[in-house]
Amino acid sequence: MENFSEVIAIFFSLDNFIAIALGVVIGVVVGSIPGLTATMAVALALPFTFSMQPVAAILLLVGIYKGGMYGGSITAILIRTPGSPASACTLLDGYPMAQQGHAKKALKTALYSSVIADFISNIALIFFAAYLAKIALNFGAPEFFWLICFSLTIIISLASGSMIKGLMAALLGILLSLVGLDEVFGSQRFTFGNYNLMDSISFIPLLIGLFAIPEIIEFYRKKALPHIKAKASGAGLAFSELKRCMTTIVRGSLIGVIIGAIPGTGATAAAFISYSDARRRSPNKANFGKGEVEGVAAAEAGNNGVAGATMIPLLSLGIPGDVITAIILGAFMVHGLTPGPIMFQENLSLIYALFMGIMFSSVVLLLVGNVAIKYFSLIADIPKSILFPIVLMFCVYGAYAVNNDTFDVWLMLAFGVLGYIFNRAAIPAAPFLIGFILGPMFEDNLRRSLLIGHNDLSIFVRGPITWAFIALTVGSIGLALYRFISARREARNIADKA
Amino acid sequence: MNKFLSTTCLAACSGVLILGMTVSSASANEWPTDDIRLVVPYAPGGTTDVLSRRVADLLQQELDTNVIVENRPGAGSTVGTGRLARGGRDAGHTILMASPGHTIGAAIYPDLSYDPVEDFVFLQNMIDIPNVMVVPASSPYESVIEFVEAAQEENMTFSHSGVGSSIHMSGELFKTLTDTNMTAVPFAGSGAALPALLGGDVDVSFENMPTVLSHIRSGDLRALAVTSAERSEYLPDVPTLAEIGEHNLDQFITTAWFGLIAHNSFSEEAQSVMQEALAKVMEREEFLDFAEQLGAEPGQVSGEEFKQFIIAEVERWDGVAQQAGISQ
Amino acid sequence: MTRAYVKRRIKDVSDVIAGSILLCFSLALVFYLVPNYINEPPILQNPMMSPRWLPGIVGWMIVLFSILLILQGFLLDRSGEDDERQIEKGSTRRFILMVAALLIYVALFEAMGAVFTGILATLILFVAHPVRTWWAYSLAFVFPIAVTFLFVKVMNVPLPISPIGF
C-alpha cells in the first residue's frame, strides 16, 4: 500500500482511541438500559461529533453501535428485559441460564460470541465489501419476499411444545404488526382513530411488556419464597464449552454478515435465523430454550455479525441498511464525505484508517465487556424483591422515552398482561415476536413485487436468488413435516409397546 | 444574485428592527426567560433530526440559553405538531422544525386536531432541499420529454420513501400534471428505496438531492431534472422541471423545506428575538457548510411570507392527495 | 354437568378455554373488525394488493388453529406437561399492591412526574413483598432520582416532571 504511512498517521491519534473507548462504554451502558437503544444513543451523540475529526467522529458512533449491540444482551440475560430488540433472542436461553445460577457463564458466552462475530463481520467488511455489495444490489422485492418466507419457517422450529400454539402466536404477532397506516394506500388499519397507533405499535414497549413484565407479575402472584443467597452469578465459561460452540458462532456470524449486507433486514431477524439454525443442528436440541449455552452463542453471533456488515452497503454504495447506519451516513456528510464508490477513490487512506478503528473496536468491546460482566453479574445476586420494583421503574421510564408518550406505558402494560396470559396458557412468545417483525416485511415485499412486476406473478421466480430461497423454504417446511411425522410414529410405537 | 440580495435585505431589515426592539426593552426581563425546546416531530436520525440538532447547537450560542431538542415522532409529523398546537405552559418557549409533512399531513390524515396554518406562527424557513427526478443508468430515457412520452404509452413505476413523503407527493404531482400512467411503489425510507432504483426495479424516482447526488456523480443514476425553481448549483447542467415547459410541468416547483414554527401564542417579542437569532445562525459558516453537505439552499422566507408559502402548499397537496386517492 | 364430569371429558381445560376465546376473537376479527376498520381503496388491480388481504388471511388461519386447539384440548392428554404451569398462589394483598403500583405508573406518570411515581410505586412494591432490609428502602428514592437525572440531563431524553418541580 503506497500511502500506508498516511493511514497510520490518520489512525494513530489519541482522539481516535478515546472515541472508540468512549463509544463502546456509552454503547454498553445505554444498550443495557431497557428503552434506551443504541439507535437513540447514536442519534444523541451525533451533534457532539460535529466538531471532531471525521475518523474520530465515525469511530465514536461505530463504537456506540457495537457496544449497544452487546449491551442489550446483559439485561436480557439477567432480568429478562431485552435492552435492544436484537437481544430478544438472547434471553430465550440466557435468562433460564441465569435462573439456574449460570449468569456469569451466559454473559461470558454472549460476550465472546459477540466479539468473535464482530471480528468475522469486520473481516467481511474489509475484504469482501465489493462482492457482498453486489449481492445486496440484486436483492429486490421478490428476493426479499422469499427470504422472509424462509425466515417465517423458523417459527416451526421455535414453536417448542405445541405446534398449534406456536403458529397461533405467530399469527397474532403478524396481526398486531399490521396495526397502523397501510404502506401502499395509506389507509388506516385497526387504528380506531387513535393517533398513537398510526405509526404502528412501538417495538420497545412491546418487547419490554412481553418479556419483563410477566416475570414481575408472576413474582407478585406467587407465594413469597425466602431469597436463597446462592452464588448466583456462578462460574465463568470454560474453554471447552466455547470450543463446542465455535461452529455455531462462526455459522451465526456468517448468517449475520449476509443479513447485514442486505439493506433493511436487521439484526433481530439475523439473531433468530441463527438461533433456529443452531437449534436444528444441535445434538442438545431439547435443551434449547431451557438454558443452552449454544443458544446464547447463536443468538449473539447472529446479531453482532450484522454490525460490521451493515457498513458494507453504507461504505460501498452509500446506502444505509438501518436507522443507525443512516445516522452514521449523516455524520459522514456533515464532515464533507459522501460514502459510496467515489469515496474509495478519493479518500482511500481515510477508509483504511476507519477499518483499523473498527477492528480495534472489537478488542475494546472485549475489554469493556469483561469489566461490565464483573459488575453487572452482581445483579443476579440481588434479591428479586428489591430488584423487580427497580426493573419495573426502568421499564416504565424506558417505554415512555421511546416516543415521550404515556400511551407507550399503557401499551407496555397491556403487552405485559398478554405475555402473562401467554405464559399461563403455555403459548411461546418467541414466534409472536417473529410474526410481529416479519409480518409487515412479508406483506410489503409481496405487494412491492406485484407493483414492480405490474401484477405479473413471474417476477417471483425471476432469478437464481429467488430459486435458492424457494428451495430453502420448501426444504425447511419439508424437513419439519418429516420430523413431525416421524416423532408421531415413534410416540405411537412407544405407546403401543406400553 | 437576486437571491443573495433578498436574503441580505431581509437580514438587514430584521436586524434593524430587532436593534430597535432590544434597545427599548433592554432592562426588562427579556425573552427567553427559560430554556428553549426544539421539537422534532420525527424519530432521531433523519434529516429533520440532524438539521434540528445542528440548528439547536448554533441557536444556543446566539441566544445564550439552552436549546433542548425533543423528538416527538408519529403519524407523519402530526403527533408532534398536534401537541405543539395544544399549547400549554411551555408554548412560549417551544419551537418546532416543520417540513413538507406539515402541509402534506393536513391532506392525508383525517380529523387532524389542528389547523396547519392558523394554529401557528411561522418563524423562518431554514433550508430548501430540491428533489431530483432520477432514472437508473440502464434506463433508455435521456430527457423528461422522452420519459413523459413513454409513460403516456406504457405503465411506469416510481419509488418513494413512504406514503405522504415529499418524494411520494412529487411523483403523484408529476403523474397528475403530465397525465401519465405511473404506479407508486412504497419503500420504508430512502435507504430501502435506493437499491430498487439502482438495480432498475423501478423506472424513476423524485428523490431528495442529498440521497442521490453521489450516485448521479458516479454515473449509477441519471438526473433528468431538478424540482426547484432554479437550477441547483450542485447539478448545474440538469434542467428544472419548470424549464421544460411542456406537459404542464411549468407548474412543477417543489422543494423539501425545513423551517421553524411555534404555537400561535408565541409572543411578538419572542418572534422577533427568534427571527433575529435565526438570521444570524443562517449566516454562520458552520450552517452554510452544513447546508452544502445536504445539497441544500438556505431558506428564503420568514414570517408572513413563510405563512403564505404554507397556505399555498397546503392547498396544493390537498389537491394532489385527492387526485391520487390517498386522502382519507 | 358436574365439574368432575367436565374434567373427565376434556383432557386439557386451559387449551379449550384458550381456543374458545381465540375462536370468538378471530370470528369477530374476520366478520367485524376487518370490514369495518380497514378502508379499502375503490380501485384494486389485484386482490392481494388490498389492505384487507393479509388481515383476512391471518384471521381465517386463527379461526382454523383455534378450532384445532379446542380439538387438541378434548383429545390430547398433556397433563404430564402441565406441572410447570401450576403455581402456588401468594396472598391477595401482595397481588393487589402490585396492581396498584402498575396503575400508579400509568395513571399518575404524566401528571405527577417520573420521580414521584417512581418512588411511590417502588415503595409500594417493597412493602408488598415485604422487603425487611431497612436500608433497601432508600433505594426507592435513590434510583428514581438518579435515573431521571440520567435520562433528562445526561441523555437529554425528556421524562415528565411534576408540577412541584421534581
Worksheet item: What residue, among those in the stretch C:24-56 that are farther than 13 Å from residue A:447 by Cβ, over 24 Å from the mean Cα position of the chain (by Cα) and open to solvent by 70 Å² or more (accessible area, probe 1.4 Å), is nearest to the other protein chains (Cβ to nearest Cβ)?
Response: C:39
Response to the item:
The residue from A:474, A:417 that alone is open to solvent by 20 Å² or more (accessible area, probe 1.4 Å), of a type outside the set (D, E, K, R) and in contact (Cβ under 8 Å) with a residue 40 or more places away in the chain is A:417
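Here's the yes/no breakdown for (1) of a type in the set (Phe, Trp, Tyr); (2) in contact with a helix residue (DSSP H, G or I) (Cβ under 9 Å, 6 or more places away or on another chain); (3) within 20 Å of residue B:253 (Cα to Cα):
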residue: B:112; (1), (2), (3): no, yes, no
residue: B:118; (1), (2), (3): no, no, no
residue: B:122; (1), (2), (3): yes, yes, no
residue: B:140; (1), (2), (3): no, yes, no
residue: B:162; (1), (2), (3): no, yes, no
residue: B:175; (1), (2), (3): no, yes, yes
Response to the item:
Among B:137, B:150, B:91, the single one that is farther than 19 Å from residue B:174 by Cα, surrounded by fewer than 21 Cβ atoms within 10 Å (Cβ to Cβ), of a type in the set (A, V, I, L, M) and away from chain A (no Cβ under 14 Å) is B:91
Practice prompt. Restrict the check to the stretch A:143-156 and report whether at least one residue is at pLDDT below 85, open to solvent by less than 30 Å² (accessible area, probe 1.4 Å), in contact with a strand residue (DSSP E or B) (Cβ under 7 Å, 6 or more places away or on another chain) and of a type outside the set (S, T, N, Q).
Written response: no
Fill in: Selection from the stretch C:57-67 of residues that are more than 7 Å from chain A (Cβ to nearest Cβ) and open to solvent by 60 Å² or more (accessible area, probe 1.4 Å)
C:57, C:60, C:64, C:67
Item to complete: Could you tell me whether the stretch A:97-109 includes any residue that is under 19 Å from the mean Cα position of the chain (by Cα), at pLDDT below 90 and among the hydroxyl-bearing types (Ser, Thr, Tyr)?
Response: no
Item to complete: Mind counting the residues in the stretch B:49-74 that are modelled with pLDDT of 80 or more, open to solvent by 10 Å² or more (accessible area, probe 1.4 Å) and assigned to a helix (DSSP H, G or I)?
Response: 7
Worksheet, complete the sentence: Per the filter on the stretch C:108-128, residues open to solvent by 30 Å² or more (accessible area, probe 1.4 Å) and either facing chain A (nearest Cβ under 9 Å) or polar (S, T, N, Q) (or both) are C:110, C:123, C:124
Item to complete: Within the stretch A:8-48, work out how many residues are among the hydrophobic types (A, V, I, L, M, F, W, C), open to solvent by less than 20 Å² (accessible area, probe 1.4 Å) and within 14 Å of chain B (Cβ to nearest Cβ).
Response: 8
Discussion item. For the stretch B:291-306, give me the residue count where each residue is under 21 Å from residue B:215 (Cβ atoms) and open to solvent by less than 40 Å² (accessible area, probe 1.4 Å).
Written reply: 5
Practice prompt. For the stretch A:367-395, name all the residues that are surrounded by fewer than 18 Cβ atoms within 10 Å (Cβ to Cβ) and modelled with pLDDT of 85 or more.
Written response: A:367, A:370, A:371
Worksheet item: Does the stretch A:340-347 contain any residue that is farther than 24 Å from residue C:147 by Cα, within 14 Å of another protein chain (Cβ to nearest Cβ), in contact with a Ser or Thr (Cβ under 7 Å, 6 or more places away or on another chain) and buried (at least 21 other Cβ atoms within 10 Å of the Cβ)?
Response: yes
Discussion item. Which count do you get for residues in the stretch A:177-219 that are among the aromatic types (Phe, Trp, Tyr), in contact (Cβ under 8 Å) with a residue 12 or more places away in the chain and either open to solvent by 10 Å² or more (accessible area, probe 1.4 Å) or within 9 Å of another protein chain (Cβ to nearest Cβ) (or both)?
Written reply: 3
Fill in: Residues that are surrounded by 16 or more Cβ atoms within 10 Å (Cβ to Cβ) and within 9 Å of another protein chain (Cβ to nearest Cβ), drawn from the stretch C:69-78
C:69, C:72
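Residues checked against (1) at negative phi; (2) within 18 Å of the chain's Cα centre (by Cα); (3) within 14 Å of chain A (Cβ to nearest Cβ):
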{"site": "B:182", "(1), (2), (3)": "yes, no, yes"}
{"site": "B:188", "(1), (2), (3)": "yes, no, yes"}
{"site": "B:192", "(1), (2), (3)": "yes, no, yes"}
{"site": "B:206", "(1), (2), (3)": "yes, yes, no"}
{"site": "B:212", "(1), (2), (3)": "yes, yes, yes"}
{"site": "B:217", "(1), (2), (3)": "yes, no, yes"}
{"site": "B:222", "(1), (2), (3)": "yes, no, no"}
{"site": "B:243", "(1), (2), (3)": "yes, no, no"}
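The values are calculated or read from the model by the stated rules, or taken from the named source; none is laboratory data. Please read these numbers as outputs of a predicted model, since none were measured by experiment. Please note: Cβ atoms are built from the backbone with ideal geometry, for glycine as well, and neighbour counts cover all protein chains shown. Heads up: the accessible areas ignore ligands, DNA and RNA and are worked out on the full protein's heavy atoms, side chains in. Shrake-Rupley method; radii C 1.70, N 1.55, O 1.52, S 1.80 Å.
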